[in-house]
Amino acid sequence: EDNPLNQEMIKAFFNEIDHAILIAGNGEEGVNMTDEYSPHLIFMDIHMPGMDGFAATSLIKAKHPGIPIVAISADAFNEQRIKALQSGFSDYITKPVQFYRLLQCLQQFLSMEQEKAPVEEGHLSHRDKQRLNSTLNDIIETPIYETEKLVQMVETLDDLAPLNWR
């Protein structure tokens with residue numbers, strides 16, 4: 001990702017979910033970092049100065065064919081998505097990046113299991129259930145760059161969670 005603001009938003013997201021992340025500012029840096037660190041998953045901006053995401057992905061796939069690479073682009077047309085997938089990307093996310101799409105990719109490519117705590121019958125009041133559903137829907141609809149809003153939503157979820165879930 002070459003945009004410093006987008007870099008900060010992505011860092012904030014991964015800090016919130018307690019995952020380590022390295023950020024490259026261009027394709028060449030991304031290729032070099034992949035050679036040095038062998039990451040488990042790569043999110044690759046398609047449009048970057050110098051070496052773009054397509055060229056970087058081609059080089060990475062030649063050396064590290066098992067690393068999934070997810071394209072991130074403002075290009076929302078299906079033709080761009082198809083081109084990216086045919087070029088070796090494992091998935092395609094459009095900007096502005098949605099919180100739930102990053103989580104989907106993490107779950108899919110890192111074999112993360114969703115933790116599902118059992119809900120005790122009658123534990124949440126009707127009002128709290130409404131707050132929970134509303135907050136979860138808000139999280140799904142909120143772009144990743146709205147970090148302050150996302151933090152407030154996580155705080156709401158934390159308030160609603162029973163002590164044994166924490």
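The values are calculated or read from the model by the stated rules, or taken from the named source; none is laboratory data. Treat the numbers as computed from the prediction; the structure is a model and nothing was measured. Glycine gets a Cβ as well: all are built from the backbone with ideal geometry, and neighbour counts include every protein chain shown. Keep in mind that these areas ignore ligands, DNA and RNA; they rest on the heavy atoms of the full protein, side chains included. Shrake-Rupley method; radii C 1.70, N 1.55, O 1.52, S 1.80 Å.
Which of the following values of Cα extents along the principal axes in Å was calculated from the structure shown: [x] 65, 28, 28; [y] 55, 27, 26; [z] 41, 33, 28?
So the calculated entry is the one marked [y].
Taking all protein chains as present, what is the carbon and sulfur share of the accessible area of the stretch 14-85, in % to the nearest whole number, probe 1.4 Å?
On the way: 2150 of 4010 Å².
Carbon plus sulfur share of accessible area: 54 percent.
May I ask you to list the lysines whose Cα is less than 29 Å away from that of LYS61, ignoring any residue fewer than eight positions away on the same chain?
Within the straight-line cut-off, LYS61 pairs with LYS11, LYS83, LYS95.
Give me the distance in nm between label points sitting 7 Å out from Cα along the Cα-to-Cβ direction at ASN78 and LYS129, one decimal.
Here the modelled spin labels are 3.8 nm apart.
What three numbers, in Å, describe the spread of the alpha carbons of the stretch 18-103 along their principal axes, ordered from the longest?
Answer, in whole Å and largest first: 33, 30, 24 Å.
Roughly how many nanometres apart are two label points built 7 Å out from the Cα toward the Cβ at SER111 and ASN15?
It is 3.1 nm.
Need one number: nm distance between label points at ASP158 and LEU85, each 7 Å from Cα along Cα→Cβ, rounded to one decimal.
That separation, rounded to one decimal, is 3.8 nm.
Excluding residues on the same chain fewer than 8 positions from LYS129, give the lysines whose Cα lies under 30 Å from its Cα.
Cα-Cα hits under 30 Å: LYS116, LYS149.
If the chain between ASP35 and GLU146 were fully stretched, how many nm would it gain, using 0.36 nm times the residue separation less the Cα-Cα distance?
Values: separation 111, 0.36 × 111 = 39.96 nm, distance 3.23 nm.
Between ASP35 and GLU146, full extension yields an extra 36.7 nm.
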